[in-house]
Amino acid sequence: GELRSMDVAPYISDNRTFLPVRFVAYGCGVNESDIVWDQTTSKVQLRKGDILLELTIGNKVLISNMPLGSGSQIQMDTAPEITSDRTMLPVRWIAEQFGYEVTWDPFTQIVGLK
């Protein structure tokens, strides 16, 4: 229920809607302090409760520990990328790991989370 303005526009690439990872994380209830970017390794970590996700720029593998300590590797069909100095990824890969169902309205081009 909180309105936020993104400084980078979402876009569609390879039939996927890309958004800044930070704003997807906010939409899933991840706190600001639980979003960690490591410039050296090009990795971003997102933590919400017992769930820890790790994504690497250019790598199609998402590491998901649900709960922490029982990690699994999930093969995504696309890799995170950097656009306009922002880490971008399709919403679905993060939201589903946090237990959300992702909806897409092709007419309004709106992504929703349930």
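The values are calculated or read from the model by the stated rules, or taken from the named source; none is laboratory data. Fair warning: this is a prediction, and the values are worked out from it, not measured in the lab. Neighbour counts are summed over all protein chains in view; Cβ atoms, including those assigned to glycine, are modelled from backbone coordinates with ideal geometry. Just the protein is used for accessible areas: all its heavy atoms, side chains included, with ligands, DNA and RNA removed. Shrake-Rupley method; radii C 1.70, N 1.55, O 1.52, S 1.80 Å.
Things worth noting here:
- Surface share of carbon and sulfur [accessible, 1.4 angstrom probe, percent] for the range 1-58: 45 percent
- Close amide H contacts of residue 59 (hydrogens built in the peptide plane, cut-off under 5 Å, sequence separation of 5 or more or a different chain): none are found.
- Overall form of the range 16-69: rounded. Here a/c, set by the Cα gyration tensor axes a ≥ b ≥ c, is under 1.5.
- Those trypsin sites (Lys or Arg not before Pro) in the range 1-98 that DSSP places in a loop and that have at most 12 other beta carbons within 10 Å: 4
- Listed candidates (1) 1.06; (2) 1.19; (3) 1.00 - label of the one calculated as Cα Rg over 2.2 N^0.38 Å: (3)
- Electrostatic tally near residue 84: other residues with Cβ closer than 14 Å to its Cβ, Lys and Arg +1, Asp and Glu -1, net -1.
- Cα-centre dipole for the chain with unit charges at Cβ (Lys and Arg positive, Asp and Glu negative), debye to 20: 60 debye
- Annotation for the range 1-70: chymotrypsin sites (Phe, Trp or Tyr not before Pro) lying in DSSP loop with at most 15 further Cβ atoms inside 10 Å of their Cβ do not exist.
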